1. Checking Leu152 against (1) within 14 Å of the ligand (Cβ to nearest atom); (2) more than 27 Å from Gly39 (Cα to Cα), which test does it fail?
2. Hey, Tyr193 hits all of (1) within 21 Å of Gly268 (Cα to Cα); (2) among the hydroxyl-bearing types (Ser, Thr, Tyr); (3) touching an Asp or Glu at 6+ places or on another chain (Cβ under 6 Å) but one; which does it fall short on?
3. Could you please give the count of residues in the stretch 288-319 that are within 18 Å of Ser122 (Cα to Cα), not in a helix (DSSP H, G or I) and not hydroxyl-bearing (Ser, Thr, Tyr)?
4. As an exercise: evaluate Val221 against (1) of a type outside the set (Gly, Ala, Ser); (2) surrounded by fewer than 19 Cβ atoms within 10 Å (Cβ to Cβ); (3) in a loop (DSSP other than H, G, I, E, B); (4) touching a residue at least 12 places away in the same chain (Cβ under 8 Å) and give the number of the one condition it does not meet.
5. Restricting the search to the stretch 209-241, which residues are within 14 Å of the ligand (Cβ to nearest atom) and closer than 20 Å to Arg157 by Cα?
6. What pairs come out if I take residues in the stretch 155-171 that are in contact (Cβ under 8 Å) with a residue 12 or more places away in the chain and pair them with residues that are acidic (Asp, Glu) and within 12 Å of the ligand (Cβ to nearest atom) whose C-beta lies under 9 Å away, six or more apart or interchain?
7. Go through Asp207, Asp235 for me and flag whichever is buried (at least 17 other Cβ atoms within 10 Å of the Cβ), among the acidic types (Asp, Glu), within 21 Å of Thr138 (Cα to Cα) and touching a residue at least 40 places away in the same chain (Cβ under 8 Å).
8. Please list, ordered by first then second residue, the pairs with beta carbon atoms under 6 Å, 6 or more apart or interchain, first in the stretch 292-317 and surrounded by fewer than 24 Cβ atoms within 10 Å (Cβ to Cβ), second modelled with pLDDT under 95 and among the charged types (D, E, K, R).
Amino acid sequence: MLTLGIESSCDDTAAAVLDNDRVLSNVLNCQDTIHSKFGGVVPELASRQHLQSIHPVVLQALAKADVQLSDIGLIAATQGPGLIGSLLVGFSYAKALSHVRRIPFIGVDHMAGHILSIFLGSDKPVFPYIALIVSGGTSSLFLAEDVHRFQLLGRTRDDAAGEAFDKVAKLLELGYPGGPEIAKTADCGDPRYVRFPRAWLDEKSLDFSFSGLKTAVLNHVNQQKLKNIQLHIPDICASFQEAVVDVLVEKTLLAAREHNIKTIVVGGGVSANLRLRNRFSERCSREGISFHAPQPQYCTDNGAMIAFAGSHRYAACGASTLDADVYSRSRLG
Ligand code: KG4
């Protein structure tokens, strides 16, 4: 069966066509140039841009897959979590298409898409696994039992990991999105230059908190400026990145130990970070855990992961009804 997947939860308009689990096309219209001058996503601008992009992006996905709309057996669209205005564009478009062309429709949780995005490549894990999902909107740990059973183990109490990267990059005037800029700048920096705080929270807590770290970077920058000391930007970036990576890796390993799970999977935009991937590979091989990370195009928001999650949910639970509505907070867990 061919599935058309549509994603518009934040600032990327994305569509993909899957033939069962095989990706035939994966098209993305990225809005970074629109939001970069604000140092973050402006919700109103994001939804207006989705309105302009959604139809051309879907047409491109069909053309690249070399299929017609009449060949599509299922339309899957992100239902939440995300920005309501952005979600409404993709979700309403998908429902209208489904109604007019009489194609079954299913709403998909964006987090389920990220948890399962690893299956879009060749490095497929076996269930159960611990999934660390880290993006601009979330830092969460899940126990994935199978393709539609996910248990939430921990989540961010304040800023998401990607949000912290973006805010620190804005503070250091490195541009938006901040994650790739910080990662690039950190390459020639010393991760031991400043010992920024790690928020472990309670000993057994699987929740995250990154707002204190962000404030620590701000305080460091202000102190250096007061003392007229030139900022060592690459060292600050490397030290900040190390603090984020330490917490993400160690808490994910703690979750694996607590639940006696031998497989770890990452997903979301921040999982493209090379330092994070390398540290996971090192630590997991020492602990006898198998580690899996998606290809970069499936780390960020994409339509393929929505088509994948949607087709498996449809096989188990059937279609959604057309009165289904979008939601801003995840319903998983
Ligand atoms: O999953 P994603 O595309 O969706 C949203 O949450 O919108 O994630 C985007 C986030 C941004 O915060 C971006 O700065 C971060 O992922 N990101 C990275 C890297 N690439 C993207 N963070 C750290 N290192 C990277 N290489």
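The values are calculated or read from the model by the stated rules, or taken from the named source; none is laboratory data. Source: prediction; values computed, not measured. Ideal geometry is used to build each Cβ from the backbone, glycine not excepted, and the neighbour counts take in all protein chains shown.
1. For Leu152, the exception is condition (1).
2. That leaves (1) as the condition not met.
3. Qualifying residue count, the stretch 288-319: 7.
4. Going through (1) of a type outside the set (Gly, Ala, Ser); (2) surrounded by fewer than 19 Cβ atoms within 10 Å (Cβ to Cβ); (3) in a loop (DSSP other than H, G, I, E, B); (4) touching a residue at least 12 places away in the same chain (Cβ under 8 Å) one by one, Val221 breaks only (3).
5. Within the stretch 209-241, the subset within 14 Å of the ligand (Cβ to nearest atom) is 210, 213-214, 237-238, 240-241.
Of everything in the stretch 209-241, those that are within 14 Å of the ligand (Cβ to nearest atom) and closer than 20 Å to Arg157 by Cα turn out to be Phe210, Leu213, Lys214, Phe240, Gln241.
6. Cβ pairs passing all conditions: Thr156/Glu163; Phe165/Glu181; Lys167/Asp159; Ala169/Glu181.
7. Working: Asp235 fails: within 21 Å of Thr138 (Cα to Cα).
That would be Asp207, the only listed residue that is buried (at least 17 other Cβ atoms within 10 Å of the Cβ), among the acidic types (Asp, Glu), within 21 Å of Thr138 (Cα to Cα) and touching a residue at least 40 places away in the same chain (Cβ under 8 Å).
8. Once the first residue is surrounded by fewer than 24 Cβ atoms within 10 Å (Cβ to Cβ) and sits in the stretch 292-317, its partners that are modelled with pLDDT under 95 and among the charged types (D, E, K, R) give His292/Asp123.
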